[in-house]
1. Size of the stretch 19-84 along its principal axes in angstrom, Cα-based, largest extent first?
2. Report, largest value first, the span of the C-alpha coordinates of the chain along each principal axis, in whole Å.
3. So what is the relative contact order for the stretch 320-406, in percent, with contacts set as C-alpha pairs under 8 Å and at least six apart?
4. What relative contact order, as a whole-number percentage, does the stretch 146-316 give when Cα pairs under 8 Å and 6 or more residues apart are counted?
5. Angle, helix 255-267 long axis vs. longest principal axis of the chain, Cα atoms, 0 to 90°, nearest 10?
6. So what does log10 I(q)/I(0) come out to for the stretch 320-406 at q = 0.12, 0.14, 0.16, 0.22 Å⁻¹, using the Debye formula with one equal point on every Cα and no solvent?
7. How far, in degrees from 0 to 90, does helix 114-127 lean away from the longest principal axis of the Cα atoms of the chain, to the nearest 10?
8. If contacts are Cα pairs under 8 angstrom and at least 6 residues apart, what is the relative contact order of the chain in percent?
Amino acid sequence: MPPTSTRPAAAQRPLVLAYLPDKDARRALGDLDADVQTVRSPAGLLTSECPRHPRLLLLHALPEETQAIVEVARQLRRERPLPDVVIWAPQAKASAVRDFFRAGAKDVVVSRAPQRLADVVRETLDEQRLLPRLSPLGRQRNRGARFESMLSRSERMWDLFELCSRVAPADATVLIVGETGTGKELLARALHRRSGRAGRFVAANCASIPPELINSELFGHEKGAFTGAHRAKRGLVAHANRGTLFLDEVGDMAPEAQQSLLRMLQERRVRPVGSLTEQVVDVRVVAATNVPLDEAVRAGAFREDLFYRLDVIRMSLPPLRERPEDILFLFGHFTKQLAKHYGLSPPTFTDSFIDALLAHDWPGNVRQLENLSERLVLARPSHALQAADFRTLSDGGTRAAATEHRGESAAIDTSLPLEEQLRRLVEERERAYLVAVLTEHHGRIAAAAEQAGISRRTLLRKMNYHQLDKRSFRQPGG
């Protein structure tokens, strides 16, 4: 049976890919507001080229093909995890229906009537009006697809979550490897929450601490230890005692601090800068990096002995582009939660927008996807978004991020006196800094104030001046 299509291709209509030998059934599907592309065999659903991503995979389970259909359905869930799977199995036995559902089918139609099949397909497509519905990973993994504060329907991510659950109670050091924006800190916090440790979770970004201050920040200092040390200060390691110390971007740690960290991991003692007394600490270290530390070791930028101390248990977070099943799932979650947060209606999307979403590389990973979702919600489009809208919004976001990274500010207004111009520029950068640190800590005042090096009262005063509400920085759905 040659491949056919019951309607000409239309970019804005959902695509159904079907193994459907029955002519009456194909005729019934012809009345749908969808494009139906048929294949010659069940295996064709795995190998056929499509003009765009199908929303639904349809299989006709003939009695003699039951087991073959079960195997194909399982393989479809692994290789094409985004579309729903519907199986038409007229008069199938209860055991066969159970096997179809276990293999990942969203629905099994046992009626002989082709019109009933068409109705089920129509209902399934209607449910996908906002975004394609995603099939569950399995009963043991489907409880909202949530692990702690992380969401995923990727088998690779759930393998990682299971590893996290197994190693969390141990005291072994963990090295989390992943690109920027993949959720390394979220995974570290999940490790801490499941560890049972009585102390707090303390995060330190090694890349943002000046090299001359990192020993003081991590291990503390005595009064008068160096210029500007007007009082003694506890280090982050002491704050994390009996808890977890998260060292983000550990590959950027200064060589002097690497030596001190190695000593702490070996002897479980720290010595504040300027002190002659060592302090015993009980800290579980979780480190994270977005650069290959083994390459940094070969280049002489990172101590080999420290690398092996940190790399006891390695957890590698895959980038978003390698788990496409999460792109639509997280995008749908973010747009829904952000729309609710801002009291707005969620935008709607065409297939061309969704195709552009899936084709994008997402160099900023989940963080970039969430930022795009927020721009879409706040843009309040009056039409269903298309591929051109995606390019405009994503390019605009990339340019804005690049401008912020370069530190560019608003244009200089030469009509103002120099003192007034400088005051405005300082206020602008101060507000941008507060937004960044509050975003990083999801509106937690104590953590943001500690990272900024100011008191809670000072931070709250500055937030009030700049009209910043801590609730607007809380993680949606968290």
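1. 30, 28, 17
2. For the chain, the Cα spread along each principal axis is 88, 61, 39 Å.
3. Across the stretch 320-406, relative contact order equals 36 percent.
4. Values: 305 pairs, mean separation 51.2, N = 171.
Contact order relative to length: 30 percent.
5. Value to nearest ten degrees: 80.
6. So the normalised log intensities work out to -0.33, -0.45, -0.59, -1.14.
7. 20
8. Numbers: 741 pairs, mean separation 54.9, N = 478.
Once normalised by length, the contact order is 11 percent.
Each reported figure results from applying straightforward, stated rules to the coordinates on display, with no laboratory input. No experiment lies behind these values; they were computed from the predicted model shown. So basically every Cβ, Gly included, is an ideal-geometry build from the backbone, and we count neighbours across all protein chains shown.
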